[in-house]
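Student: Quick one: this structure, given as structure tokens, is what I'll be asking you about.
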Amino acid sequence: MSGQTVSSPTTTGGALRSRHVTMIALGGVMGAGFFVGSSGAIATAGPSVILSYAFAGLLVLCVNIMVCLVALRAPGRGSFVAQIGGVLGHRCGFVMGWTYWTIWITTIGIEVMAAATLMAPFVHLPYWVIEALILGVMTALNLASVRGYGEVESWLSGIKILAVLAFLGVGLYALAVGRHITQLPLLEGGFFPHGGIAVLSAVPAAVFSMSGSEIGTIAALETDSPAANIARVARTIAIRLAAFFMTSIGMLLCLVSWKEYAPGNSPFLLVLERLNVPFAQDAMTLVILAAILSTLNSGLFAASRVLNEFALSGYGPKAFHDATNASGIPRRAVLCVAVASGLVALSAIASPKLVFAFLVSVIGSFIIIDDVLIVMAGMKLAPERRALGWFTLACLMAVPASMALYPATRGELALSAGAILGIVGIGSVVGWMRDRQDVRRASSFRGDEGMKIGVSVPVRNVPPQR
């Protein structure tokens, strides 16, 4: 790895520690997409879903290696998101930034809705008020201090990890005493009940549930040793996630028939209820709520930092950059992300079948296009890793290919392609304008230098007057 120093456009004086970075990276994933959304993947592929998650885990590992290369080797300052523009050009930088930001504001909006749904039976207020309170509290936390954000995220992520470990412990005990619900549930209907194509069809859901671990590289910029923390997170986080996901999904398949998992319902809760675990409903509600708040918290952090960087670099409105903020917290960007995420949540009520459905449909493909740009930048910066890069690109292309082959996801793929083409078109215009600005700036710089030299050289050569 290069010994290049990685720094952030706004510094918080090393407010975060290494343990914060690790927990933040875990906090970006293992949200509702894992504790609830995994039921949909299981229903799609059956027992072979374990291969879908294995493939997704390998993909996340490869992409994280490329994220590390971009973050450490790219010239300039800031996160890997901002550096894509410097490596691949302004057009790619624009596409990367705004697709990544859209992914997070949509995810935050979904998590706000999920949290409000869980809290509605206990908080007797209108649904939209509960959503506003949840988003307001998490926004205030991000505005208060970076260290406070890191501590809260560590605790929330810790709850998720303990919950998974406890579930695995209960599952192992049930298997040891022969308390699985049905006989040989893993083999019921065969390993490929819906055919081999179903394995690829479940990959987008698995990839989406694992996405977000790259937040650790953004958080590492606000530590005392960003380069070391970026390398450590990229090297270890994907392996840890794969271990959590693979063991949990395997346990779910061993305890209850895959046919009983219904999309939209937590498979973990179903297993605990079938095993007659006391207070299973309340316990899982708390765990899922902690998971949702953790992902929401990490999303606000990542999306605000990206928006702040893009305001500084010219890819977004400069009003969102806090140039004089002594704390290093991009408050304007945090508030903008909160407002945008709130609008996403409200769109689910005002326009559930148009705006909200469109956003939910495109974010999976946005994740793929962002990963492709990361890999391309990594290959350019580290030619010795091109073999890994080509392998990762081939794996990434298998995801949209599977979506095209599976009737249920063809519409999502078509919407995503249209959205990406629109962003590319806007990015081309912005990139052309930035290129012209760079040319003018370079010409102006050369002219200024020439005038300085033209004035100074004769003056130095004039003999002193007698």
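Student: I need the full set of residues from segment 259-271 which are assigned to a helix (DSSP H, G or I) and buried (at least 22 other Cβ atoms within 10 Å of the Cβ), in order please.
Tutor: PRO267, PHE268, VAL271
Student: Under 6 Å between Cβ atoms, at least 6 apart or on separate chains: pull out the pairs that start in segment 386-401 with a residue that is at pLDDT below 90 and end on any residue that is acidic (Asp, Glu) and surrounded by 14 or more Cβ atoms within 10 Å (Cβ to Cβ).
Tutor: Short answer, once both residue conditions are applied: LEU396/ASP371.
Student: Of everything in segment 345-369, what is of a type in the set (Val, Ile, Thr) and within 17 Å of SER211 (Cβ to Cβ)? Give them in sequence order.
Tutor: VAL360, VAL362, ILE363, ILE367, ILE368, ILE369
Student: Out of all the residues in segment 236-257, which are of a type in the set (A, V, I, L, M, F, W, C) and open to solvent by 20 Å² or more (accessible area, probe 1.4 Å)?
Tutor: ILE239, ALA242, ALA243, PHE244, MET246, CYS254
Student: What single numbered condition from (1) touching a residue at least 40 places away in the same chain (Cβ under 8 Å); (2) of a type in the set (Val, Ile, Thr); (3) open to solvent by 60 Å² or more (accessible area, probe 1.4 Å) fails to hold for ILE215?
Tutor: (3) is the only condition that ILE215 fails.
Student: I've got another one for you. Considering only residues that are at pLDDT below 85 and open to solvent by 30 Å² or more (accessible area, probe 1.4 Å), look in segment 329-355 and name the one that is nearest to ILE134 (Cα to Cα).
Tutor: Among residues in segment 329-355 that are at pLDDT below 85 and open to solvent by 30 Å² or more (accessible area, probe 1.4 Å), the one nearest to ILE134 (Cα to Cα) is ILE349.
Student: Restricting attention to segment 142-151, which residues are touching a helix residue (DSSP H, G or I) at 6+ places or on another chain (Cβ under 7 Å) and either buried (at least 20 other Cβ atoms within 10 Å of the Cβ) or among the small types (Gly, Ala, Ser) (or both)?
Tutor: Passing the criteria: ASN142, GLY148, TYR149, GLY150.
Student: Further question on the same structure: Hey, among LEU286, LEU312, LEU300, which residue is under 25 Å from GLY33 (Cα atoms), out of contact with any Ser or Thr (no Cβ under 7 Å at 6 or more places or on another chain) and assigned to a helix (DSSP H, G or I)?
Tutor: Residue meeting the stated conditions: LEU286.
Per-residue answers, yes or no, for (1) open to solvent by less than 10 Å² (accessible area, probe 1.4 Å); (2) within 21 Å of THR107 (Cβ to Cβ):
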site	(1), (2)
GLY364	no, yes
VAL372	no, yes
ALA377	yes, no
THR392	yes, no
LEU396	yes, yes
ALA401	no, no
ALA404	no, no
GLU412	no, yes
LEU415	no, yes
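Student: Can you name the residue in segment 172-221 that is in a loop (DSSP other than H, G, I, E, B) and under 19 Å from the mean Cα position of the chain (by Cα) and, of all such residues, is modelled with the highest pLDDT?
Tutor: Looking at residues that are in a loop (DSSP other than H, G, I, E, B) and under 19 Å from the mean Cα position of the chain (by Cα), I get ALA202.
The values are calculated or read from the model by the stated rules, or taken from the named source; none is laboratory data. Since the structure is predicted, the reported quantities are computational estimates derived from the model, not experimental observations. Heads up, the Cβs are rebuilt from the backbone with ideal geometry, glycines too, and the neighbour counts pull from every protein chain shown. Calculation scope for accessible area: heavy atoms of the full protein, side chains included, ligands and nucleic acids excluded. Shrake-Rupley method; radii C 1.70, N 1.55, O 1.52, S 1.80 Å.
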